[in-house]
1. Only four residue types carry charge here, +1 at the Cβ of Lys and Arg and -1 at the Cβ of Asp and Glu. Report the dipole size of the chain about the Cα centre in Debye, rounded to the nearest 20.
2. Here are several values of mean projected area of the Cα convex hull in nm²: [x] 22.5; [y] 14.8; [z] 23.6. Which one was derived from the coordinates shown?
3. In a shell of Cβ-Cβ distance under 12 Å around Leu185, excluding Leu185 itself, what net charge do Lys and Arg (+1) and Asp and Glu (-1) give?
4. Please identify the trypsin sites (Lys or Arg not before Pro) of region 202-249 that satisfy two criteria: DSSP loop assignment and at most 14 other Cβ atoms within 10 Å. Which are they?
5. Under the 0.36 nm per residue contour assumption, what length would be gained going from the current alpha-carbon distance of Ser210 and Ile165 to full extension?
6. Say we join alpha carbon atoms closer than 10 Å with springs in a Gaussian network model of the chain; which of Ala126, Ala103, Ala12 then has the biggest fluctuation?
7. Given the DSSP H assignment, sum -39500 (n - 2.57) over each helix run of at least 4 residues in the chain and divide by its residue total; what's the result at 222 nm in deg cm²/dmol, nearest 500?
8. Between Gln6 and Asn196, what length in nm is gained on full extension when 0.36 nm per residue of separation is reduced by their alpha carbon distance?
Amino acid sequence: MDEKAQVENILALERTAQFNKARKELDVLLAKKESDSFDSSDSSNSTLLLLSAGLYLKMGQKMLALIEFEKARKLNQNDPSILIELARLHLENFSSDAALSMARQAVVLAPSNIKGQEILILALMANTYYQEANNRMKDLLILRQNDPEVLHLAYLVNKSNDNLILACDYLKKAIKLRPTERHWLLELAEIYELTNKPKEACLVIEHYLSLEPDSVEGLKKLAYVLEHSLHDYAQAQSVYARILNLDPLNMSAQAGLSRLEVKQNDFSAKLKRALQSFWAQLMLWFQVGSPKQEQLY
C-alpha cells in the first residue's frame, strides 16, 4: 500500500473514531519516514505530523499533540495555521505567554486570517491586555460586521467579559448568517443556560438534535438542562436512555440514570413523609377538637 492510500485509511479510521487503530498505522508510517530522515522540502512530512497532532488531540493527549505541532513548525516556519494551533493549545493548557507570542506571529504572517485574530484576541485577554483586545475586536467589527466568523468571535470576547446579553446577540446574528455552523446552536443553548433561560436552551438543543439526531453531545446537553435546571427527571431519563442506545458504554449517561433513580426515590420518600406529616397533623387536629365538642354538649 502506497503512502497516499495509507493516509486515506488512517483518515477513515479517524472518522469512525477508531483512534487506537489509526494511531498504530500512523506510527508505522512516521517511523518509516524517520528512518528515511525527514526532508523539510517534502510537504507530505508536515502533513503527516499535523495529522498525528490532530489525532493526539482527539485522543486527549495534548502534550504529545504539542510536540507534533512543534515538529511540523520546524519544517514549515511560515505556516500561520500551525502557529494558530500551537497558540490555541498553549492558551487552553500550558502557557498564555507562549500563546500570545505565537498568535502575534500568526497574525503578522496572515493578517486577514480570522482564526489568527480570534486566538490573538483571546490570548490578549488571558494576559490581561483588555484594551488592546477590545480595540482589535472593534476594528474587526467595523471592517467585517456581517462576517459570521467575526460575530462569533465577538460572542466569545463578550462571553469572556461576562457580557452575556451582548454575547447572545452576537451569537444569534452569527447563526442567522451561517446556519450551517450547527455546533453554534449548542453554544447558544449554553448562553441561555447561563442567563437562566433553561426552556429556551431546551428549544435550541432540540432544534440542533432535529438536524443532528445522533449527536451524543447534544443529547448530553439536553439531559443536563432537563435534569439540573428544569428538574424534569422523566424526560431526562428518556434522553439518557437514548444516549445509551447510541453509545452503550457511555459513562456519563449511565451515571445520569443512576443519579436520577436516587433523586426519584428521594422525591418519593419526601412525598411519603409529607403525606405522613399531613395525616399526623390531621389526626392531632381531630384529637384536639374532640374535647371541645364534648364540652359544648
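1. 820 debye
2. Read-out from the structure maps to [z].
3. Combined, the nearby Lys, Arg, Asp and Glu give -2.
4. Working: sites: Lys220, Lys221, Arg242; in loops: none.
Sparse-neighbourhood loop trypsin sites (Lys or Arg not before Pro): none present.
5. 13.6 nm
6. So, out of Ala126, Ala103, Ala12, the one fluctuating most is Ala12.
7. Details: 15 runs with 237 residues, N = 297.
Theoretical 222 nm ellipticity from helices: -26500 deg cm²/dmol.
8. Values: separation 190, 0.36 × 190 = 68.40 nm, distance 4.94 nm.
In short, 63.5 nm is gained.
FYI, it's all coordinate maths here, none of it is from the lab. Because the structure is a prediction, the values reported are computed rather than measured. Positions of Cβ are backbone-derived with ideal geometry, glycine not excepted, and every protein chain shown enters the neighbour counts.
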